[in-house]
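The values are calculated or read from the model by the stated rules, or taken from the named source; none is laboratory data. Because the structure is predicted, anything quoted here is derived from the model rather than measured. Note: ideal-geometry Cβ built from the backbone for every residue, glycine included; neighbour counts use all protein chains shown. Ligands, DNA and RNA are excluded from the accessible area calculation, which covers all protein heavy atoms including side chains. Shrake-Rupley method; radii C 1.70, N 1.55, O 1.52, S 1.80 Å.
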Amino acid sequence: MLNLWHWIRGLLRAAASLWRALGPRWFRTGVAVVAVVLAGYTALANYLEPNLTRETVYRVHYLNEGWSDQQRQSYYYTPQGTELLGMDYDWFVNLELPLSHELLASESNMRGWGFVVDPNQRPSKLNPGNLPVGLTRHIDPHSGRERLDIGCATCHTGELHYQGTALRVDGGQALQSIPTAKRGEFITTLGAAVAETLFNPAKWDRFATRLVGDDEDRRRELRAQFWQFAGNMMKFSTTAGAAKYYPVEEGRGRTDAIGRIGNVVFGFDLQEPGNYKVADAPASYPFLWDIWRFDWVQYTGFTNQPMTRNVGESLGVMAPIKLVDADGNLLSGSEFGETVVDIDGMHCVEGLLRSLKPPKWPEHILGDIDIARARAGKALFADQCAFCHGPHIAEPYDWQVADGPDAELPGQIAVNWQWDMAGEVSRRDGLAYRADWRETMWSLPWIATDVIGTDPKLADNFIDNRYDISKLIPDGEPVNAGYGLQLLLNNLVPKLYQQWDIDGAQRVADFDGLNVPFRIENKRAYKSRPLHGVWATPPFLHNGSVPTIYDLLSPLRARPQTFYVGNREYDPQKLGYVIGPAPGSFLMDTTIDGNRNGGHLFTDVDMPGRIGRLLSERERFAIIEYLKVMGNPDFDAALGGDPLNWDNYSQAPVGDSTQQACINSHRSIGIGGDHMLAQESAQ
């Protein structure tokens, strides 16, 4: 030890002598400062490095039929009135990455964060900033400024990649991670870029010059506006967006939508800090084809009406709304509910989705179908799966409505009788009803969480979390998110209809969504949906806890306990994404509550969540083969007749209001004329 000490001391003396030999003290001090700065810069650059998935795709193949190119672009870039805390569209287009001259919204960066971008994509009238699918714009009515708008397609457009081809799944599950506040992810990199733009004079100069040139007055105004936006980001990150409320990493392709809606609407917008709840039940973005046929929607099936579902979603995605004044007191009169939610845009997208077909398996890309195996799978599906997944075709409902100020309906905390009676109403046995316009509909069964056995946290949180709504209803008892939204939206949606001149029974019924009044159901359960095209929507279960359909059909012990999500390369044998570690992926750990992968089990063991017998390897692959083409009319004859052939289902009622809503929404962002006929024939 003594010899070692002498050796170290000698080494230090030699190093000190060498350091003094470099030159005078001022020179050595300068070298030290430069070294520290370079080391700090390198460490900071590594810390701020974007967490990007590396993908190489050369072409896009569209899997869904039912849309023309114009309809598809309309779905991609129609605004719904959401805002990223007041981010201007041009700001986002011109922001640079932290410690870089590279634009943050470049094709490679946005694709790396999981957004959907065409290879060699070019700007268009609807997408002048050349942004990914879903990122669009609207005009703020007060300032006239063009805001970044996170549209419906941002979360409900998917892609599967296979050997350089991007298989586009319109209406599918996105794999981006907008809400994930983690180092290198989109929202944290955006925040770092905003901060550096404000504090780095060189970066600010480049940013301001691109936006307003050399006009000093406009540059000062821009800086003041940008500081305000930075303040909005900081405020949100310490309140409704605080990481402590989202302890289970959402990661790529997931968000706790209902938890975030509750925190934003009942906490942030109502200025009620006690309403911030832990949202620890992330769920995959659901796929949307055929959703117009459903009687109840959302994973827990808690609501039924398209317009209120979409308005509630937009509020959760930061559509600005005025509910209280600066002192937190509820606004009244015309001020209450002031918002830029785009009713025309929502009706446009909802109407477009009614004509969207499920994705078709591309044999020339993913491989030929083994028809004999698919036939065997058809029989197994009918025996093991159809009991829950149906589809259970039903006659359209007669929805009972409230017909006076004192009317009450079972299971509803509140009704707006004037709105209920504003649609197409008939009377029978002294009661008022709205007749659902659908020729037939799909009745989706609720499966109790203790029966299906899948992670119950999402359903439990929905039922158990309570929000103080005394600002909306004085002395009102705390309610769950569903009832809270019912209390708010019963007032807000009619107000928006008045703002958009939606009046008359036919028009109100149309915008409501096929004459369906707004209702809420509260069940500690998940709804079971039909599975047309499910092969194109990995990962599986509501929380994305099972990576492939093969794993879902396997016993619990065979399901991966951990796997990586973020790589969109597709496995056409097991029907799911490749799950190995890769840049940009996040680790899905199913041992964490909220991420559990149990339930929905095919096993011979008597255990919670058992829904069917143990399937052999051959049977699993037979069901997989059938799911590839289930309902696809191109395979009906080869399958010996497919009872789930989607061409045999009734179609949505035909009307021209969707086309006009799309045109109106596009005109609101300065796109006139008839170049965007949203209902143009797909032929």
I need the full set of residues from region 133-163 which are at positive phi and open to solvent by 10 Å² or more (accessible area, probe 1.4 Å), in order please.
Gly144, Gln163
With the condition kept exactly as written, say whether any residue in region 170-180 is hydroxyl-bearing (Ser, Thr, Tyr), out of contact with any strand residue (DSSP E or B) (no Cβ under 6 Å at 6 or more places or on another chain) and under 22 Å from Gly158 (Cβ atoms).
yes
Is there a residue in region 97-114 that is in contact (Cβ under 8 Å) with a residue 60 or more places away in the chain, open to solvent by 10 Å² or more (accessible area, probe 1.4 Å) and among the aromatic types (Phe, Trp, Tyr)?
no
Could you check region 359-407 for helices (runs of 4 or more DSSP H) lying wholly inside it with 2 or more residues that are open to solvent by 70 Å² or more (accessible area, probe 1.4 Å)?
371-384
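Conditions tested, residue by residue: (1) open to solvent by less than 80 Å² (accessible area, probe 1.4 Å); (2) at pLDDT below 80; (3) in a loop (DSSP other than H, G, I, E, B); (4) under 30 Å from Leu288 (Cβ atoms).
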position: Leu4; (1), (2), (3), (4): no, no, no, no
position: Arg13; (1), (2), (3), (4): no, no, no, no
position: Thr29; (1), (2), (3), (4): yes, yes, no, no
position: Ala32; (1), (2), (3), (4): yes, yes, no, no
position: Val37; (1), (2), (3), (4): no, yes, no, no
position: Ala43; (1), (2), (3), (4): yes, yes, no, no
position: Asn46; (1), (2), (3), (4): no, yes, no, no
position: Glu49; (1), (2), (3), (4): no, no, yes, no
position: Val57; (1), (2), (3), (4): yes, no, yes, yes
Based on this model, can you work out whether Gly328 counts as surrounded by fewer than 19 Cβ atoms within 10 Å (Cβ to Cβ), in a loop (DSSP other than H, G, I, E, B), among the small types (Gly, Ala, Ser) and in contact (Cβ under 8 Å) with a residue 24 or more places away in the chain?
yes
Name every residue in region 243-280 that is of a type in the set (Val, Ile, Thr), in a helix (DSSP H, G or I) and within 16 Å of the chain's Cα centre (by Cα), in order of residue number.
Ile258, Ile261, Val264
If you take the residues of region 477-489 that are in a helix (DSSP H, G or I) and open to solvent by 10 Å² or more (accessible area, probe 1.4 Å), which of them is farthest from Leu270 (Cα to Cα)?
Tyr483
Answer residue from region 460-472, given it is touching a residue at least 24 places away in the same chain (Cβ under 8 Å) and open to solvent by 20 Å² or more (accessible area, probe 1.4 Å) and is nearest to Gly423 (Cα to Cα) among those:
Leu472
Out of Asp593, Asp647, sole residue that is surrounded by fewer than 20 Cβ atoms within 10 Å (Cβ to Cβ), within 26 Å of the chain's Cα centre (by Cα) and modelled with pLDDT of 95 or more
Asp593
Among the residues of region 517-525, is there at least one that is part of a loop (DSSP other than H, G, I, E, B), at pLDDT below 95, more than 30 Å from Val605 (Cβ to Cβ) and open to solvent by 10 Å² or more (accessible area, probe 1.4 Å)?
no
Log entry, pairs with first residue in region 498-509 being part of a helix (DSSP H, G or I), second being open to solvent by 40 Å² or more (accessible area, probe 1.4 Å), beta carbons closer than 6 Å, six or more apart or on different chains, reads Ala505/Glu424; Ala509/Glu424
With respect to the numbered conditions (1) open to solvent by less than 10 Å² (accessible area, probe 1.4 Å); (2) within 26 Å of Glu569 (Cβ to Cβ), which one is the sole condition not fulfilled by Ser74?
(2)
Val605: passes all of (1) open to solvent by 30 Å² or more (accessible area, probe 1.4 Å); (2) farther than 30 Å from Ala279 by Cβ; (3) at pLDDT 95 or above but (3)
Quick one: count up the residues across region 541-552 that are in contact (Cβ under 8 Å) with a residue 60 or more places away in the chain and either within 15 Å of Pro359 (Cβ to Cβ) or open to solvent by 10 Å² or more (accessible area, probe 1.4 Å) (or both).
4
Could you please find all residues in region 204-242 being open to solvent by 70 Å² or more (accessible area, probe 1.4 Å), assigned to a helix (DSSP H, G or I) and more than 15 Å from Ile187 (Cβ to Cβ)?
Asp205, Arg210, Glu216, Asp217, Arg218, Arg220, Glu221, Arg223, Trp227, Gln228
Just the residues that are open to solvent by less than 40 Å² (accessible area, probe 1.4 Å) and either within 24 Å of Pro179 (Cβ to Cβ) or among the basic types (Lys, Arg) (or both), please, taken from region 122-132.
Asn127, Gly129, Leu131, Pro132
Is it the case, given these coordinates, that Asp280 is at pLDDT below 95 and of a type in the set (D, E, K, R)?
no
Give Ala432, Ala414 a once-over and let me know the one that is free of Cβ contacts under 8 Å to residues at least 60 places away in the same chain and either open to solvent by less than 60 Å² (accessible area, probe 1.4 Å) or on the phi > 0 side of the Ramachandran plot (or both).
Ala432
Cβ contacts < 6 Å: first residue at pLDDT 95 or above, restricted to region 131-151; second residue acidic (Asp, Glu) and buried (at least 24 other Cβ atoms within 10 Å of the Cβ), any location; separation 6+ or different chain. Result?
Thr136/Asp149; Arg137/Asp149; His138/Asp149
Does region 262-277 contain any residue that is within 30 Å of Pro445 (Cβ to Cβ), open to solvent by 20 Å² or more (accessible area, probe 1.4 Å) and hydrophobic (A, V, I, L, M, F, W, C)?
no
Six or more apart or on different chains, Cβ under 7 Å: which pairs go from a residue in region 623-645 that's of a type in the set (Phe, Trp, Tyr) to one that's surrounded by 17 or more Cβ atoms within 10 Å (Cβ to Cβ)? Could you list them?
Tyr626/Ala374; Tyr626/Gly377; Tyr626/Lys378; Tyr626/Phe381; Phe635/Ile369; Phe635/Val629; Phe635/Asp642
Residues of region 612-644 satisfying the condition of being open to solvent by less than 10 Å² (accessible area, probe 1.4 Å) and among the aromatic types (Phe, Trp, Tyr)
Tyr626
Boolean, Arg427 is of a type outside the set (S, T, N, Q), surrounded by fewer than 18 Cβ atoms within 10 Å (Cβ to Cβ) and either without any contact (Cβ under 8 Å) to a residue 60 or more places away in the chain or not in a helix (DSSP H, G or I) (or both)
yes
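Looking at this structure, is Gly584 surrounded by fewer than 18 Cβ atoms within 10 Å (Cβ to Cβ), out of contact with any Phe, Trp or Tyr (no Cβ under 7 Å at 6 or more places or on another chain) and either touching a residue at least 12 places away in the same chain (Cβ under 8 Å) or closer than 30 Å to Ile371 by Cα (or both)?
Here the answer is no, as Gly584 does not meet what is asked.
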Hey, does region 437-453 have a residue that's surrounded by fewer than 20 Cβ atoms within 10 Å (Cβ to Cβ), in contact with a Cys (Cβ under 9 Å, 6 or more places away or on another chain) and assigned to a loop (DSSP other than H, G, I, E, B)?
yes
